[in-house]
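As structure tokens, the structure follows; a few thoughts come after it.
The values are calculated or read from the model by the stated rules, or taken from the named source; none is laboratory data. The structure displayed is predicted, hence computed values, not measured ones. Backbone-built Cβ (ideal geometry, glycine too); neighbour counts: all protein chains shown.
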């Protein structure tokens, strides 16, 4: 995105790849891509820089009005935290669903062992318990958060690899 500045004020916002008219001149949709920095400066065009946008999982987000800083136009965001209890519930549900999904592919081993009176390989039992422990620990961390900011700052779970995992060299 670009902006045209006239007399120190944002006169026009121009999305990249969009035709626009300025000062009674029609510019084609590829003009911003093909023009030099000097050509852009000649009509008062500057870059639009967006600030980092918080996660919409945890915040209601609104885009602030563009502000000309003297060299670029900045667009930032206002983030209003969502309800902590609802965010925690969603995060717990997502964690439990991920653990369930990870374990699902090896459930057949447990079923077979029960049906045939056999056993599940110890490495697989250990791995399955590790996944359950990771999920429980993460749920505890989620529930320990007292603010949405703390919840949003939690790093994602780094789930353990199953015993047959072969990493890329």
Residue 99 vs (1) at pLDDT 95 or above; (2) surrounded by fewer than 17 Cβ atoms within 10 Å (Cβ to Cβ); (3) more than 30 Å from residue 62 (Cβ to Cβ): all pass except (2)
Checked 54, 81, 66 against criteria (within 22 Å of the chain's Cα centre (by Cα) and under 30 Å from residue 5 (Cα atoms)); the one match is 54
A careful count of residues in the range 107-153 that are at pLDDT 95 or above, touching a helix residue (DSSP H, G or I) at 6+ places or on another chain (Cβ under 6 Å) and not in a helix (DSSP H, G or I) gives 1
Taking residue 162 as the residue in question, decide whether it is surrounded by 13 or more Cβ atoms within 10 Å (Cβ to Cβ) and either over 30 Å from residue 8 (Cα atoms) or not assigned by TED's automatic domain parsing to the domain that holds residue 44 (or both).
yes
Requested in this report: May I ask you to verify whether residue 29 is touching a residue at least 12 places away in the same chain (Cβ under 8 Å), assigned to a loop (DSSP other than H, G, I, E, B) and more than 27 Å from the chain's Cα centre (by Cα)?
Outcome: yes
Counted residues in the range 43-66 being more than 30 Å from residue 147 (Cα to Cα) and free of Cβ contacts under 8 Å to residues at least 24 places away in the same chain come to 0
Restricted to the range 121-153 and to residues being surrounded by 15 or more Cβ atoms within 10 Å (Cβ to Cβ) and without any contact (Cβ under 8 Å) to a residue 24 or more places away in the chain, the residue farthest from residue 80 (Cα to Cα) is 125
**Item:** Qualifying residue in the range 47-58 (condition: more than 30 Å from residue 156 (Cβ to Cβ) and outside any helix (DSSP H, G or I))
**Value:** yes
